[in-house]
Amino acid sequence: MLDRSIAPSPEPLKTVDFPQAEYLQIAGCETLLLRSSNQPVVVLELILSSGRWTEKRPGISYFGSKMILEGTPQKTAEQISFAFEALGSYVEINPGFDHQTIKLYTLKRFFEKSVSMLFELFDKATFPSEEFALMKTIRQQNLQNQLSKPNQFASLKLTELLYGQEHPYGRIIIPEMVEPLTREQAHEYFQWVLFRNPKIVLVGDVEDSQIDFLNQMFKRLESNTVATEKFLPQTSIGDHEINRQANQASVRIGKITIPKHHPDIHKLSIANTILGGFFGSRLMKNIREEKGLTYGIHSSIVHLAEHSYWTVGSELAKDKLTEGLSEIQKEINILCDQPPTEDELETVRNYLSGKLMTSMDSVFGLASLYKSTFLFGMDPTYFSEFMSTLQSIQSADISEVASTYLQGELVNVVVQ
């Protein structure tokens with residue numbers, strides 16, 4: 001008989017069996033398909049290459065997508081919302097830097113009805129003036145809110161200094177930019193720019209008949225091929241201090257780094273995790289636990305379609321700012337000069353492999369994982385390559401990659 005009073009001995013995770021995704025074309029659109037019959041639910045995500053890179057007027061892409069749900073000749077925004085709710089469905093629209101996503105969550109038995117309603121919005125959205133004015137007011141208030149918070153403003157300022165004020169990644173949208181925008185401009189963006197180079201992610205209890213149905217529906221969708229301007233980063237290297245009369249100092253440190261498809265990216269991701277990528281990282285141990293200079297500190301690599309950047313972020317007491325900045329730089333230098341111990345490296349191996357497994361605990365989590373490579377034109381072998389690198393990487397590799405990519409030409413932002 002199994003003795004449940006004795007815990008099983010832990011075994012390190014060496015390999016992961018990644019479930020296979022299907023890659024196909026739906027009406028000429030690249031499609032990522034993950035099937036699961038565990039729940040009678042389907043999620044359809046339409047990913048459009050029409051983020052800030054396609055804006056001729058700063059801030060217009062937000063309204064060009066968000067206004068879709070605000071009315072048709074037959075339905076008000078409230079009626080549209082109730083109609084989806086009656087089917088147990090929900091539509092979520094997220095504007096972004098590189099893409100805009102329109103995501104439909106629906107029960108399997110109402111899939112065709114829900115998709116038909118969504119396409120009715122694509123065909124007949126009227127962008128009502130009253131709803132546009134209200135959305136514009138709310139957007140301005142949210143932007144003002146964002147700019148008034150030192151921690152959020154510091155993050156915005158970092159990307160501005162990394163890429164430049166005129167770059168889509170660096171441009172800070174302020175309320176004054178939103179004020180002159182009109183519903184006609186938003187509707188024009190919706191008609192001529194929004195549906196640019198669409199990709200599809202389809203997840204859940206999907207049948208072939210539903211794929212055939214989508215083929216017919218998406219044939220009605222006119223994809224646009226809008227030329228986009230090329231932008232080069234204009235990085236302002238060095239120290240930048242902004243006085244906001246804040247209670248504490250918001251610190252952001254960063255630099256443009258290698259893209260997701262670079263051969264060193266897995267090694268750099270592991271090095272970043274050791275430095276500041278999880279609760280047991282060096283920055284957390286030193287600056288939070290040992291010295292008590294902050295409640296939290298974190299480093300990460302942000303991948304965008306055209307560029308990637310590495311950043312460290314924290315909130316520090318003003319009287320501890322100089323010490324905190326010095327300790328951050330010290331930890332970066334130590335990682336570059338002194339390879340981690342084998343015990344430290346093994347801890348990070350276990351953390352990262354466990355985190356990867358956790359992200360695959362459902363088909364929807366798996367879809368989010370695979371989508372991160374799908375949008376970059378990569379396939380899921382990216383993750384098996386990551387696992388292979390995680391198991392084979394040596395301590396000396398960590399210091400080498402850190403010294404190559406985490407030192408020099410840093411942008412330092414302090415908002416206090």
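Enumerate the aspartates and glutamates that Lys355 could reach by cross-link, defined here as Cα to Cα under 19 Å, with residues fewer than 8 away along the same chain left out.
Counting by Cα, and skipping residues close in sequence, Lys355 has these aspartates and glutamates nearby: Glu11, Asp17, Asp343, Glu344, Glu346, Glu385.
Percent of accessible area on the range 9-128 owned by carbon and sulfur, 1.4 Å probe? Spell out each step's value before the answer.
Working: 2840 of 5580 Å².
Using a 1.4 Å probe with all protein chains present, the range 9-128 comes out at 51 percent carbon and sulfur.
Which three semi-axes in whole Å describe the equivalent ellipsoid of the chain, each the square root of 5 times a Cα gyration tensor eigenvalue, listed largest first?
Semi-axes, largest first: 39, 30, 19 Å.
If the viscosity is 1.567 mPa s and the temperature 4 °C, what Stokes-Einstein diffusion coefficient in µm²/s follows for the range 191-301 when Rh is the Kirkwood radius over Cα pairs?
D, rounded to a whole number, is 66 µm²/s.
What residue among His266, Gly313, Phe63 has its Cα farthest toward the positive end of the dipole of the chain, where the charges are +1 on Lys, Arg and -1 on Asp, Glu, each on the Cβ?
Working it through, the farthest residue towards the positive pole turns out to be Phe63.
In debye, nearest 20: dipole of the chain around its Cα centre with unit charges on the Cβ of K, R (+) and D, E (-)?
About 700 debye.
Going through the range 213-255, which GluC sites (Glu not before Pro) have at most 15 other Cβ atoms within 10 Å and a DSSP loop state?
Here the sparse-neighbourhood loop sites are Glu222, Glu229.
Please give the net charge around Thr381, taking every other residue with its beta carbon less than 14 angstrom from that of Thr381, where Lys and Arg add +1 and Asp and Glu add -1.
After counting each charged neighbour, the total is -2.
Based on the Cα gyration tensor of the range 1-127, what are the three equivalent ellipsoid semi-axes, each the root of five times an eigenvalue, rounded to whole Å and given largest first?
They are 38, 21, 16 Å, listed largest first.
Exactly which trypsin sites (Lys or Arg not before Pro) in the range 1-83 are in a DSSP loop and have at most 12 other Cβ atoms within 10 Å?
Those satisfying the criteria are Arg4, Lys14, Lys56.
Only helical DSSP H runs with n ≥ 4 go in: add -39500 (n - 2.57) per run for the chain, normalise by residue count and round the 222 nm mean residue ellipticity to 500 deg cm²/dmol. All intermediate terms of the calculation are to be shown ahead of the outcome.
Values: 14 runs with 164 residues, N = 416.
Helix-only estimate at 222 nm: -12000 deg cm²/dmol.
Stokes-Einstein at 4 °C, 1.567 mPa s, Kirkwood radius from Cα pairs: D for the range 169-251 in µm² s⁻¹?
D = 70 µm²/s.
If Lys and Arg each add +1 and Asp and Glu each add -1, what is the summed charge of the other residues whose beta carbon sits under 9 Å from the beta carbon of Phe127?
-2
How much accessible area per residue does the range 184-270 have, counting only protein heavy atoms and a probe of 1.4 Å, in square angstrom?
54
How big is the Rg/Rh ratio for the range 105-196, C-alpha atoms only, Rh by Kirkwood, two decimals?
1.09
Could you tell me, in Å, what Rg and Dmax come out for the Cα atoms of the range 27-70?
Computed over the Cα atoms of the range 27-70, radius of gyration and Dmax are 15.2, 45 Å.
Kirkwood Rh over alpha-carbon pairs of the range 280-416, then Stokes-Einstein at 4 °C and 1.567 mPa s: what D in µm² s⁻¹, rounded to an integer?
In µm²/s, the coefficient rounds to 76.
May I ask you to give the percent of accessible area on the range 227-383 that is carbon plus sulfur, with a probe radius of 1.4 Å?
On the range 227-383, the fraction of accessible area on carbon and sulfur atoms equals 50 percent.
If you place +1 on the Cβ of every Lys and Arg and -1 on the Cβ of every Asp and Glu, how big does the dipole about the Cα centre of the range 186-257 come out, in debye to the nearest 20? Walk me through the numbers on the way to the answer.
Values: 8 positive and 9 negative charges, 74 e Å.
With Lys and Arg at +1 and Asp and Glu at -1, about 360 debye.
Placing unit charges on C-beta atoms (Lys and Arg positive, Asp and Glu negative, everything else neutral), compute the dipole magnitude of the range 51-180 about its Cα centre in debye, rounded to 20.
Rounded to the nearest 20 debye, it is 240 debye.
Step through the table entries Lys56/Lys199; Lys136/Lys255; Lys255/Lys285; Lys285/Lys318; Lys108/Lys260, compare each Cα-Cα distance with 26 Å, and write down the pairs that go over it. Before the final figure, lay out the partial values.
Working: Lys56/Lys199 23 Å; Lys136/Lys255 33 Å; Lys255/Lys285 23 Å; Lys285/Lys318 20 Å; Lys108/Lys260 35 Å.
Over 26 Å apart, Cα to Cα: Lys136/Lys255; Lys108/Lys260.
Cα-based Rg (one decimal) and Dmax (whole number) for the range 262-327, in Å?
Cα radius of gyration and Dmax of the range 262-327 are 13.2, 42 Å respectively.
The values are calculated or read from the model by the stated rules, or taken from the named source; none is laboratory data. Note that this is a predicted model, so its numbers are computed, not measured. Cβ: placed from backbone, ideal geometry, glycine included. Neighbour counts: every protein chain shown. Ligands, DNA and RNA are excluded from the accessible area calculation, which covers all protein heavy atoms including side chains. Shrake-Rupley method; radii C 1.70, N 1.55, O 1.52, S 1.80 Å.
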